[in-house]
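First the structure, in the form of structure tokens, and then the observations on it.
The values are calculated or read from the model by the stated rules, or taken from the named source; none is laboratory data. Small disclaimer: the values here were computed from a predicted structure and weren't measured. Note: ideal-geometry Cβ built from the backbone for every residue, glycine included; neighbour counts use all protein chains shown. These accessible areas exclude ligands, DNA and RNA; they are computed on the full protein's heavy atoms, side chains included. Shrake-Rupley method; radii C 1.70, N 1.55, O 1.52, S 1.80 Å.
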Amino acid sequence: MENKMNRRIFVGAAFLIIGLLLTFDNLDIFNFDLPDYVFRWYTFLIILGVFLATVREKVGAGITLIIIGSIFLVDRMSDYYYWDFYIEDIFRLWPLAFVGIGLSLILKRNRGNDYEKKNIENDNDHVDEMGIFSGAERKVYSKEFKGGKLTSIFGGTDLNLVNADLAWGTNVLDVFILFGGCDIRVPSDMNVKVKVTAIFGAFSDERKVINENDANDGKELVIKGLVLFGGGEVK
């Protein structure tokens, strides 16, 4: 848990510093002569890849986006600095695919069978859904739901907990929304607390009826996270 928090703080601080520096540049407080190739769509892919690989722990998807973005970045830099590089040259590195497969098998084996069995057994009690330029839907029927993660980036996620129940204690559902949306459907008697930070967006509890149930005392679902230029609802 501490390592996850450290990664989140590091990435958050990086975004904060970059945002402040660019704002100061726009306000002519400090002038940064950044090349025009920095402000391109592939730079966004690299930043998004770093976020997914570190904070969201989607290493495969994150590295893939970083590689794709870096290929186009290097190609653009070669034009800017007159390097002898062509994007077609990247296909000469195809043997690295075998290296990636080998590393994946080695790392997976080192986790051990106990770790894999634990993940399989608890899979129904947790969610980890991503909607990137697409949609993701998940229905949960577990009676010991313990939270998880929802990520919506230029896409949407739909989590249905109507037929689920919470585990005892505080169960945390972490959401991240960037130019996307998120819908979470819950039973009317589920104890839900929304603690989401929204910047140019919103996340709210839109349930029309909220019933009280003594059996749910001691159980709560805390929805936290960050919304940037998007929105989400609890229904």
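So if R0 is 22 Å, what FRET efficiency would Ser134 and Trp41 give, r being the distance between their Cβ atoms, rounded to the nearest 0.05? About 0.80, to the nearest 0.05. Taking all protein chains together and rolling a 1.4 Å probe, Glu233 ends up with roughly 70 Å² accessible.
Report, in listed order, any pair from Lys146/Lys195; Lys139/Lys195; Lys193/Lys224 with a Cα-Cα distance greater than 19 Å. Those over the limit are Lys139/Lys195.
Report note on the peptides 16-26, 142-152: ranked by the mean count of other C-beta atoms within 10 Å, highest first, their order is 142-152, 16-26.
Under a 5 Å amide H cut-off, with hydrogens placed 1.01 Å from N, Leu173 pairs with Gly148, Val222, Ile223, Lys224 among residues at least 5 apart or on other chains.
The Asn31 and Tyr81 beta-carbon pair, evaluated with R₀ = 35 Å, returns a calculated FRET efficiency of approximately 0.95. Label sites at Val222 and Val162, each approximated as a point 7 angstrom past Cα along Cα to Cβ, lie 2.9 nm apart.
Shape call for segment 128-233 from the C-alpha gyration tensor, a ≥ b ≥ c root eigenvalues: rounded (a/c under 1.5), prolate (a/b greater than b/c) or oblate? Prolate, because a/c is 1.5 or more and a/b exceeds b/c. For the set Asp217, Asp125, solvent exposure ranked by accessible area (probe 1.4 Å, protein chains only) runs largest to smallest as Asp217, Asp125.
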